[in-house]
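K.L.:
The structure under discussion is supplied below as structure tokens; questions concerning it will follow.
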Amino acid sequence: MADDEETPLIQGVAEDEEAAEETGFQAKPKKEKKKKSKRRKDDDIKTHMSNERTFFKWLFFGFHIGGFGTFILTFFPPGGGRVYVVLFVWLVAFFFMYYGLFRYFTRRRAMKHGVARKEDWDDPIAPALMTIALFLTVGAIIFYAVSTSQLPSKSGWKNPDKP
């Protein structure tokens, strides 16, 4: 019975190489420990193209916000601070175009140098910024229309004095 206690529980597999030599059983395969390294985003074409697509989405968002400013110029009659509202809307639009360009180059630099910091890839504040900007621009247009008692019309850009 003493010999039974020394034998491994699973017949045919020993715990290590020494036990395998003594018992004649096969040794358990060793599990190689993986070295934990910083997760690095490969500098490949797929990642670059994804970064570029994200930049274009920021650019399109800026142009869509700017389109609201063009809406004011097209459909509201002149006067009443229209130019200031349009300038505000286009400043917001240019901010988002610049922000997209800034994030594009930040990510590009991170890919080029192999930096794997979360700040270089993650942008948790961006959706909130986009939502706030959309509410601000639409709110500014509504506030302008209500405060000046003007309603948008197709002939808003024409001079109302001339037929």
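The values are calculated or read from the model by the stated rules, or taken from the named source; none is laboratory data. Model, not experiment: these values are computed from the prediction. Note: ideal-geometry Cβ built from the backbone for every residue, glycine included; neighbour counts use all protein chains shown. For the accessible areas, the whole protein counts, side chains as well, though only heavy atoms, and no ligand, DNA or RNA atoms are used. Shrake-Rupley method; radii C 1.70, N 1.55, O 1.52, S 1.80 Å.
K.L.:
For the residue pair Phe95 and Thr70, what label-to-label distance in nm results when each label sits 7 Å from Cα along the Cα-to-beta-carbon direction?
P.N.:
The two pseudo-label positions are separated by 2.2 nm.
K.L.:
Sorting Glu119, Glu52 by accessible area (1.4 Å probe), largest first, what list results?
P.N.:
Reading off the accessible areas and sorting them downward yields Glu119, Glu52.
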